[in-house]
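Below: one structure, written as structure tokens.
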Amino acid sequence: MNPRPLLLIGLSTLPLTAQEPPPLPPVIAPGAKLERLSEGFQFTEGPTPDAAGNVYFTDQPNNRILKWSIEGKLSTFKESAGRSNGMFFEPGGKLIACADENNELWAIDVKDASSTVRLKGFENKRLNGPNDVWVRPDGGLYFTDPFYKRPWWQHTAPEQSAQRVYFLAKNSSTALPVADDLQQPNGITGTADGKTLFVADIRGKQTWKYAIQPDGTLTEKTLFCAMGSDGMTIDHAGNIYLTGKGVTVFDPSGKQSGVIPVPESWTANVCFGGKDFDTLFITAMDSLYAIKTNVKGVR
């Protein structure tokens with residue numbers, strides 16, 4: 001989840017000669033075509049659905065959060081949005097946002113778009129830049145904190161000694177580091193039962209799978225696939241969707257099942273939404289895309 005000019009970080013090596021395009025993944029509905037829903041943004045990121053299937057996403061350089069409704073209408077949800085990047089709805093309905101203007105986590109009330117700061121830093125030091133977030137069923141949340149120098153910052157070096165994954169328990173104001181051995185953690189998602197977490201190391205070009213413990217700690221670190229990712233999501237069947245050059249889909253065992261081509265130089269993030277939660281929404285450069293699937297996202 002990193003706007004220009006850092007988009008090439010984490011890209012897998014691209015072929016230098018013409019090759020047959022990879023097959024479409026079987027999760028795509030028969031006859032479905034990728035549709036550009038809207039364009040003209042500066043850089044889209046952070047798509048996430050509310051309980052009804054409306055999709056919220058960010059235009060980070062323009063410092064705003066937008067909403068694509070289940071009726072297919074676009075509106076601006078929040079201006080002065082803290083340069084929000086990755087987002088996810090918590091069980092109570094508030095929108096958790098990685099607001100990296102001041103390296104914070106925000107909770108945003110969708111009724112009036114008012115925001116409160118959930119987390120300001122770690123050990124009295126500024127976070128690197130909260131990037132992507134996933135909330136488990138009990139309200140505890142995990143977020144990645146890589147360092148990407150932003151043009152709106154005054155500082156040029158990180159205050160934290162590592163680029164970590166943190167856990168923040170519900171109603172807690174103190175983050176717990178749960179992974180600090182990744183080169184540059186970025187995309188993050190988890191299973192509906194709250195038992196498994198996936199974290200993409202975009203610089204390390206790997207995605208890891210962890211067992212989630214009740215206290216928030218992570219165990220059983222296992223390589224899921226040899227590909228990093230900017231953003232990511234999961235469907236009800238356990239397929240994982242990674243981004244970068246289009247959307248690459250992996251089955252629950254970590255085997256690649258296909259690629260959804262996106263006609264942009266970089267695909268930032270994905271989520272499921274829509275009335276039936278069977279539409280994959282894709283943020284890529286200045287546009288929002290969607291494609292119908294034969295699976296459903298994890299609510």
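Bear in mind that the values in this text are calculations on the coordinates, not laboratory data. Everything numeric here is computed off the predicted structure, so don't read it as measured data. Cβ atoms come from the backbone with ideal geometry, glycine included; neighbour counts cover every protein chain shown.
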Can you give the direction-averaged projected area of the convex hull of the alpha-carbon atoms in the chain, in nm²? 14.4 nm²
Expressed to one decimal in nm², the mean projection of the alpha carbon convex hull of the stretch 20-119 is 8.5 nm²
Taking the chain as a Gaussian network, where each spring joins two C-alpha atoms under 10 Å apart, which residue of 282, 108, 234 fluctuates the most? 108
Based only on Cα atoms, what mean projected area does the convex hull of the stretch 127-282 have, in nm²? 10.2 nm²
So for the chain, averaging the separation of alpha carbon pairs under 8 Å that are six or more residues apart and normalising by length, what relative contact order in percent results? 19 percent
Give me the lysines in straight-line cross-link reach of residue 170: C-alpha distance below 18 Å, same-chain residues under 8 apart excluded. 94, 120, 195
Net charge around residue 233, counting only other residues with Cβ within less than 14 Å of its Cβ (Lys, Arg = +1; Asp, Glu = -1)? -3
From Cα coordinates alone, what are the radius of gyration and Dmax values for the stretch 236-299 in angstrom? 11.3, 33
Quick one: net charge of residue 90's neighbours, Cβ under 13 Å, K/R +1, D/E -1? +2
Centre separation in Å (Cα based) which lies between the stretch 37-93 and the stretch 121-147: 19 Å
Please compute, over every Cα-Cα pair in the stretch 22-64, the percentage with a separation greater than 12 angstrom. 73 percent
Could you please state, rounded to a whole Å, how far the C-alpha centre of the stretch 245-262 is from the C-alpha centre of the stretch 149-202? 24 Å
Below 19 Å, Cα to Cα, which aspartates and glutamates can residue 209 reach? Residues fewer than 8 away in the same chain don't count. 132, 145, 180, 181, 193, 201, 220, 230, 235, 251
Of 156, 207, 48, which is the most mobile in a GNM of the chain whose springs link Cα atoms less than 10 angstrom apart? 156
In straight Cα distance, which lysines are under 30 Å from residue 33, not counting same-chain residues fewer than 8 positions off? 67, 73, 205, 245, 255, 275, 292, 296
Taking springs between alpha-carbon atoms closer than 10 angstrom, which of 266, 153, 208 fluctuates most in the Gaussian network model of the chain? 153
Taking 0.36 nm per residue of separation and subtracting the Cα-Cα distance, what length does fully extending residue 220 through residue 153 add? 20.5 nm
In percent, what relative contact order does the stretch 200-299 have, based on Cα pairs under 8 Å that are 6 or more apart in sequence? 19 percent
